[in-house]
Amino acid sequence: MARAGFKPSSLFIYSLTMASLAFIGRSVEFLLIPAVVNGVLGFGLGSRKIGLKLLVALMIINVWGALINAVYFSNVGTTLLDLGFIKINSGVVKAFLMVSLRFFLVVGSTLIMLSLSNARDLIKSLESDLRIPSSVAFSLAYAFRLFPLMARDFKEISIAREERGLKTFTLNPKHLKTLLTPLLSVGYERALWAGISSEVRGLSSRRKVRSNRNLSVGDLLIFAALSAQVLTAFLTELTLRLF
Amino acid sequence: MVLVVLQANVSEAGYVANKAVLHNVEVNVSDGEVVAIAGPSGSGKTTFLLTALGVLNNLLSGWVNGRVRIDDIDPLDPLGFQKIFKVSGVVLQDPEKQLIMPTPIDEVMFILENLGVDVEVASRKSMEYLNMFGLSNKAYEHVENLSGGEKRRLSLAASLVHEPNMVFLDEPTASVDPWGVKEVKNFIRNVKERGKGVLIIEHKVKYFIELIDKLYVINEGSIIKVLSRDDLNDQAVLKEVRELGVDVTPIHEVDRRDVSNARYVGGDVVLEVDGLTCWYDGSSPIFKDVSFEVRSGEVVALVGSNGSGKTTLLKALSGFHRGCSGVIKTKDGVSQSGKLGRSVFYVHQTPDYMFVESSVEKELLQTSRFGGVDLNTLKSMFPWFNELRDLPPYKLSLGQRRWLSTLIAWGFKPRVLLLDEPTAGLDLYLMRQFKELVGLLKRSGTSFLIATHDPRVLVEFADRALVLKGGRLYEDDVFKVALLLESVAGVY
């Protein structure tokens, strides 16, 4: 059962809406408050479940990706910094902030969902309340099993890197590849066998159980938080346009 | 009346078009019968299992020409494939990859819920099975908190809870200690007594030999021998099978003569451990006052059950387990904050963790640059270098990946290589290939401390055996320890 008596499907709706908000948002102001709220809450709760180091690694990968993307594709506007070999224009800052805020919003809200519910309840809740196909619901729930494994893989890879004379952690995008390759390789093989394991145990024939459970106070609080953030985002955007 | 629960007649099957991996494989299993398929790595054992379950053509985009029936269900047909979970239970080679839910109760209930069993009934039955497999007190813990043996027991419970007529086991001994092997044996005996069919894919057949009614030997995708129960009692027949790379004979029957004068007495002391005690945060010590030494060129086996602290000891020696007290000394000096510099090098049992580059050649180049061993020396020590130099290391066979990861470690010129379960999942042929590598590196003066519960490591290439039991370490005769491990596993 989910903590605080709310349905995992409520958390899923929350997370999905936040992700949608991230893609609807076209300005820094629109995304700022939901991104900060979800980023802080999600990373705070998620670090206990997944491990702070892995989350920091994800953040750094995002920072580099966002920065390279911004420099290559959005280097327009007034010049803010002239480094000689490259000029950093205002467009870079805006594009960098947009991608980073979206990242914090999507990942943060997902981490909130994963931290406050458990796999079996989430699958059942998604299937029965939202009628989501089993395969989709299962894929989301498998993340509960996968994250601790990824954290362990990351720890073992760090040990091997240290022994091989490499930094356990790196900010250099070229070297990030050497960190990600083993992580993805091990993860891919595991995911393949997990897929086989679930299919030979009847995932695709899963029968759905309908739920008649009403919304609890916890569910209402989630929807209230959701509405408040959506309203704040739109109102901020509107206020800035008007004034 | 005896009913055939698995009928498989596969004329050809493969992963990519026009490239058959299996040729004319016919396997039948009746109820109450235990059938094994054995053969060297890459012979097609697992491909057959995936074919028989319908996974190859329905999930992996492979193809199958032939006919398969499990209890009148055709798993090759997409609709039949969706029904096979009702009549079959599957235990995959690695519980880490098989277990998909975060807690044991979720894992066991998964198939019952897929069958549409009422949640309360499913919950009650799952607890009953967890209790049967000694896991009821861990029903709500995260799977990651379970030991290797407990994970294996959980995979067995999850495969049987819906009472299938046919149970498939893919190399069930690959990731367990001898105590775990015994549990797998008891499981198979129990399934057989219930009148169900059992198909075991395994190259260490000796563990199950008294339970097997029929043994198929497969090589290069074809069945080359079918042995009956009577054949399995014939030593001459078993010798033939052993020569095909199948481990059918207990150690005491074949290896004693190889052992008597093979032990090497090491040179100078290169690693000295005195009064080492290690613990996890807030827990009582995993082991206490551990003292031993390793001499140059020695292969020392570190033996103990899953969870006895073998890996922790290796990590403590390499400075990656912080919670320790005691003294660790090498020829290069005393441990400073748990670090021994490059005197020791720890190699995890998953070789993939070690790789950082996109090709075999780049891996060796990086090793040469950072480790200092000449690149040509490293190339010459990887026998498949010319044919595999551009291949990503992850695409190599398990034996080759283990070879490469050990070679990389050696390339950093450690005095002692700390290997964690290096022979897990290796068949007799690959194990001997690995032995060849150890021999090669040993001749250069490198010492080895190998955490293992594989009796073959002890008998075939360990010079000494250290046993970690109940938090204490003691030294014992190599052959005696190997026999003990086999007897724990139920091999006599």
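The values are calculated or read from the model by the stated rules, or taken from the named source; none is laboratory data. This one's a predicted model, so the numbers in the text were calculated from it and none came from an experiment. Every residue, glycine as well, gets a Cβ built from its backbone with ideal geometry; the counts of neighbours run over all protein chains shown. Areas reflect the complete protein model, heavy atoms only, side chains present, ligands, DNA and RNA absent. Shrake-Rupley method; radii C 1.70, N 1.55, O 1.52, S 1.80 Å.
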Return yes when A:Leu97 is crowded, with 16+ Cβ neighbours inside 10 Å, outside the structural domain of A:Thr170 (by TED's automatic domain parsing) and at pLDDT 85 or above and no when it is not. yes
How many residues of region B:439-489 are small (Gly, Ala, Ser) and open to solvent by 10 Å² or more (accessible area, probe 1.4 Å)? The answer is 6
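Condition check ((1) within 7 Å of chain A (Cβ to nearest Cβ); (2) open to solvent by 40 Å² or more (accessible area, probe 1.4 Å); (3) within 16 Å of A:Gly202 (Cβ to Cβ)) across all residues:
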{"position": "B:Gln93", "(1), (2), (3)": "no, yes, no"}
{"position": "B:Lys97", "(1), (2), (3)": "yes, yes, no"}
{"position": "B:Pro102", "(1), (2), (3)": "yes, no, no"}
{"position": "B:Ile111", "(1), (2), (3)": "yes, no, yes"}
{"position": "B:Glu120", "(1), (2), (3)": "no, yes, no"}
{"position": "B:Lys125", "(1), (2), (3)": "no, yes, yes"}
{"position": "B:Tyr129", "(1), (2), (3)": "no, no, no"}
{"position": "B:Gly134", "(1), (2), (3)": "no, yes, no"}
{"position": "B:Asn137", "(1), (2), (3)": "no, yes, no"}
Counting only residues in region B:357-401 that are closer than 28 Å to B:Thr330 by Cα and outside any helix (DSSP H, G or I), the one most open to solvent (accessible area, probe 1.4 Å) is identified as B:Asp374
Among the residues of region A:1-43, the number that are among the aromatic types (Phe, Trp, Tyr), assigned to a helix (DSSP H, G or I) and either closer than 25 Å to A:Val217 by Cα or touching a His at 6+ places or on another chain (Cβ under 8 Å) (or both) is 3
The condition from (1) modelled with pLDDT under 90; (2) in a loop (DSSP other than H, G, I, E, B) that B:Lys329 misses is numbered (2)
Among helices (runs of 4 or more DSSP H) completely within region B:29-81, the ones holding 1 or more residues that are farther than 27 Å from B:Leu227 by Cα and open to solvent by 50 Å² or more (accessible area, probe 1.4 Å) are B:78-81
Confirm whether A:Val217 is open to solvent by 40 Å² or more (accessible area, probe 1.4 Å), away from every other protein chain (no Cβ under 11 Å) and at pLDDT below 90.
-> yes
Per the list (1) out of contact with any Gly (no Cβ under 8 Å at 6 or more places or on another chain); (2) open to solvent by 30 Å² or more (accessible area, probe 1.4 Å); (3) farther than 25 Å from A:Val36 by Cα, residue check on A:Leu176 breaks on (2)
*Mind checking whether some residue in region A:55-69 is in contact with a Pro (Cβ under 6 Å, 6 or more places away or on another chain), away from chain B (no Cβ under 14 Å) and among the aromatic types (Phe, Trp, Tyr)?*
yes
Filtering region A:233-243 down to residues that are assigned to a helix (DSSP H, G or I) and open to solvent by 50 Å² or more (accessible area, probe 1.4 Å) yields A:Phe234, A:Leu235, A:Leu238, A:Thr239, A:Leu240, A:Arg241, A:Leu242
Margin query: Among the residues of region A:162-174, are any within 14 Å of chain B (Cβ to nearest Cβ), touching a residue at least 60 places away in the same chain (Cβ under 8 Å) and hydrophobic (A, V, I, L, M, F, W, C)?
Written below: yes
Residues in region B:129-157 that are within 20 Å of B:Leu49 (Cα to Cα) and touching a residue at least 60 places away in the same chain (Cβ under 8 Å) total 2
The condition from (1) away from chain B (no Cβ under 13 Å); (2) open to solvent by less than 10 Å² (accessible area, probe 1.4 Å) that A:Leu116 misses is numbered (2)
The lone condition A:Glu127 fails out of (1) under 21 Å from the mean Cα position of the chain (by Cα); (2) outside any loop (DSSP other than H, G, I, E, B) is (1)
For region B:65-89, pairs from a residue that is closer than 19 Å to B:Thr47 by Cβ to a residue that is of a type in the set (Phe, Trp, Tyr) and open to solvent by less than 50 Å² (accessible area, probe 1.4 Å), with Cβ under 6 Å and 6 or more apart or across chains, are B:Pro75/B:Phe81
The one condition B:Met101 fails out of (1) closer than 21 Å to B:Leu169 by Cα; (2) within 27 Å of the chain's Cα centre (by Cα); (3) in a helix (DSSP H, G or I) is (3)
